[in-house]
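The values are calculated or read from the model by the stated rules, or taken from the named source; none is laboratory data. What you are looking at is a predicted structure, and each value in this text was computed from that prediction instead of being measured. Using ideal geometry, Cβ is built from the backbone for each residue, glycine included, and neighbour counts are taken over all protein chains shown. Side chains are part of the model used for accessible areas, which takes the heavy atoms of the whole protein and leaves out ligands, DNA and RNA. Shrake-Rupley method; radii C 1.70, N 1.55, O 1.52, S 1.80 Å.
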Amino acid sequence: MSDDIFQIAGKTYNSRLIVGTGKYQDFAQTREAVKASGAEIVTVAIRRVNIGQNAGEASLLDYLPPSEFTYLPNTAGCYTAEDAIRTLRLARELLDGHKLVKLEVLGDQHTLFPNVRETLKAAEVLVKDGFDVMVYTSDDPIIAKELQEIGCCAVMPLASLIGSGMGILNPWNLRLIIEQLSVPVLVDAGVGTASDATIALELGCDGILMNTAIAHAKDPVRMARAMKLAVEAGRESFLAGRMPKKLYSADPSSPVSGLIAASK
Amino acid sequence: MQLSLNGERREFNDGITVAGMVEALGLTGKRIALERNGEIVPRSQHGETVLQDGDVLEMVVAVGGG
């Protein structure tokens, strides 16, 4: 176990679970859920200051201090490479030169499917600009490879649509991506429940990023804990190597000899 | 003079600096980032950057998101 290292952009993490901080009831619940998940990296969004709002109001940073967590600013809501690049440059300024970012460039508001052309464009600029780019993308192995070649530090294909909770719809594509890439592959989006997370890790994903599956559970804090265990179980299961499947025949677990005499 | 701040027109005194505007908004000490006419103004330059009439400003914070 001790030699199972999870690294992103040269930094080692204990948890393979990255969690979002949106959609919670309040900041206190956000913090409690994040703590229960064991996540060390948390995503945040970059939004306009609400001018005129009570300036003394608490902020997310008060509850999840950057000294305690690694922030992963995202580009959620960006539909062009340009907007995504601007957003992350602002994030870098906001977080004192912080380089680790999550790039996502969306294609349409209904599906929130990634626009891969704009994603590729933005990734090139951001990598050249010195960012460590974790990139949200479709589960297309060719695009995933291109993103790696551009220099992204992690590639994060969707399991299904953002916020859908539909789970892993195409494990075959995920496997192809995992087999072809040398940078970490994380499932980002679509996980609905703990077993989905376990399956992702069992497939060989290096980690997983989720928000809604925890935040919209009936008991988010408990689900956060479930996700922590599920990710650990999936990783251990992957490393242990599952037994081969035996089609159309059983294999008894108890000895076949030494049974008492069969009744007449 | 008039500035466009996060998409809203706002009146400020002529010659105000970024730091002055941030103070006028009651946001001094808050973790914010600012873009002026598409270019980031680093925090270290907020004190010396004088704003001009018609400047377009975007001021952002980190919020919860996935």
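Some observations on this one:
- Note on A:Y79: accessible area is roughly 70 Å² with a 1.4 Å probe, heavy atoms of protein only.
- Take every Cα pair under 8 Å whose residues are at least 6 apart in sequence, average their separation, divide by the length of chain A, and the relative contact order is 18 percent.
- Radius 9 Å from Cβ of A:E82, net charge of other residues (Lys, Arg +1; Asp, Glu -1): 0
- Separation between Cα centres of region A:157-223 and region B:1-62, rounded to whole Å: 40
- Computed from phi, the 3J(HN,Hα) profile of region B:9-15 under the Karplus parametrisation 6.51, -1.76, 1.60 (θ = phi - 60°) reads 7, 9, 8, 9, 5, 4, x Hz, with x in place of Gly and Pro.
- Computed from the C-beta positions of B:Q45 and A:L161 and an R0 of 41 Å, the FRET efficiency is 0.45 to the nearest 0.05.
- Compactness check for chain B: Cα Rg over 2.2 N^0.38 Å is 1.07.
- Cross-link pairs beyond the 32 Å C-alpha cut-off, checked among A:K11/A:K245; A:K35/A:K128; A:K121/A:K245; A:K23/B:K30; A:K99/A:K245; A:K102/A:K218: A:K11/A:K245; A:K35/A:K128; A:K121/A:K245; A:K99/A:K245
- Environment charge at B:T17 (Cβ cut-off 12 Å; Lys +1, Arg +1, Asp -1, Glu -1): -3
- Counting only heavy atoms of the protein chains and using a 1.4 Å probe, A:K23 has close to 110 Å² of accessible surface.
- Nearest-10 value in Å² for the accessible area of A:T12, using the 1.4 Å probe: 70
- Evaluated at q = 0.13, 0.20 Å⁻¹, a Debye calculation over the C-alpha positions of region A:105-264 (equal weights, vacuum) places log10 I(q)/I(0) at -0.66, -1.25.
- Accessible-area composition of chain A, carbon plus sulfur, in percent [1.4 Å probe]: 52
- The residues of the protein assembly as shown have, on average, 50 Å² of accessible surface per residue, using a 1.4 Å probe with all protein chains present.
- Positions from region A:92-108 whose accessible area shrinks by 20 Å² or more when the full protein complex is built, not the chain alone, probe 1.4 Å: A:E93, A:L94, A:D96
- Where N is the number of residues in the protein assembly as shown, Cα Rg divided by 2.2 N^0.38 Å: 1.18
- Derived scalar couplings ³J(HN,Hα) [region A:163-174; Karplus, 6.51 cos²θ - 1.76 cosθ + 1.60; whole Hz; x for Gly, Pro]: x, 7, x, 7, x, 8, 8, 9, x, 5, 5, 4
- Karplus 3J(HN,Hα) series, Hz, for region B:49-59 with 6.51 cos²θ - 1.76 cosθ + 1.60 (x for Gly, Pro): 7, 8, 7, 10, 3, x, 4, 10, 10, 10, 10
- Residue among A:N50, A:N170, A:N115 with the largest mean-square fluctuation in a Gaussian network model of chain A, springs linking Cα atoms under 10 Å: A:N50
- Protection proxy ranking, peptides A:199-206, B:35-42, average beta carbon neighbours within 10 Å, highest first: A:199-206, B:35-42
- Only Cα pairs under 8 Å and 6+ residues apart enter the sum, and on that basis the relative contact order of region A:16-128 stands at 21 percent.
- Accessible area that becomes buried as A packs against B, both chains, 1.4 Å probe, Å², nearest 100: 2500
- Peptides A:139-147, B:51-59, A:156-164 ranked from most to least packed, by the mean per-residue count of other Cβ atoms within 10 Å: A:156-164, A:139-147, B:51-59.
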